[in-house]
Amino acid sequence: ELATDTDSELEYHLLLIKVLAACTFGKNFYTEIKCQSLVSMGDVVKVVVHKSCTYTVKNAYVYFLTHCYLETEMDVPEMYTSSLMWQLMSSFQADIEKAVSLSKLNVYVRPASMSDAMVRFVVDTAMECIEAFFAPGLRPTIGGPTRLPIFIALFKSLYRFSSTVR
């Protein structure tokens, strides 16, 4: 019974995170600021990159980050130079590689180990965040000894993923 209560509390928490993100649709500056004050970018990244984080949790938090920090009325310039975003991109790359490895097991039937949450996360949520982060007109700082390798690895993984998913 305790596990059920814990699962319900987690589901409720994730639903609240998604509701906060939904409140910022339409690029509502004041709502974005309020949501950013409730859940910091550092908190989002800390949750998402944690080794025990499930894809269901990642979906909710990255959805929040995309809508409350990236697709906003007012640009948040520090987003594009933040090491936190590059930690997140590195985490995405690892998740995409995991999906590539699992999809190579059987090209025609998705392996049972590739959950719906994993597919949703890689195909929808992570891709939307990556697209928003590297959107034309925005200038994430790609150069440097730590960021360029992450950028290259991420896009190699995206290419491999697009080649394995039919």
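Each reported figure results from applying straightforward, stated rules to the coordinates on display, with no laboratory input. Predicted model, so just to flag it, every value in this text is computed and none were measured. Note: ideal-geometry Cβ built from the backbone for every residue, glycine included; neighbour counts use all protein chains shown.
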statement: Close lysine pairs (the chain; alpha-carbon distance under 14 Å; 8 or more apart or on separate chains) counted at 4
query: Modelled label-to-label distance, Leu148 and Thr164, 7 Å Cα→beta-carbon offset: nm?
result: 2.8 nm
task: Under 15 Å from the Cβ of Cys68, count the other residues' Cβ atoms, weight Lys and Arg +1, Asp and Glu -1, and hand me the total.
output: -4
Relative contact order %, the chain, counting alpha carbon pairs below 8 Å whose residues are six or more apart: 25 percent
- prompt: Tell me, what ³J(HN,Hα) does each residue in region 148-155 have, in order and in whole Hz, if you take phi through Karplus 6.51 cos²θ - 1.76 cosθ + 1.60 with θ = phi - 60° and put x for Gly and Pro?
  reply: 4, x, 5, 4, 5, 4, 4, 6
query: Which length gain, in nm to one decimal place, applies between Ala135 and Glu73 when the Cα-Cα distance is subtracted from 0.36 nm times their residue separation?
result: 20.9 nm
- prompt: When the Karplus curve 6.51 cos²θ - 1.76 cosθ + 1.60 is applied with θ = phi - 60°, which whole-Hz ³J(HN,Hα) does each residue of region 54-63 get, with x for Gly and Pro?
  reply: 7, 5, 5, 5, 4, 4, 5, 6, 6, 4
- prompt: Gain in length, Tyr80 to Tyr30, computed as 0.36 nm per residue apart minus the alpha-carbon separation, to one decimal in nm?
  reply: 15.9 nm
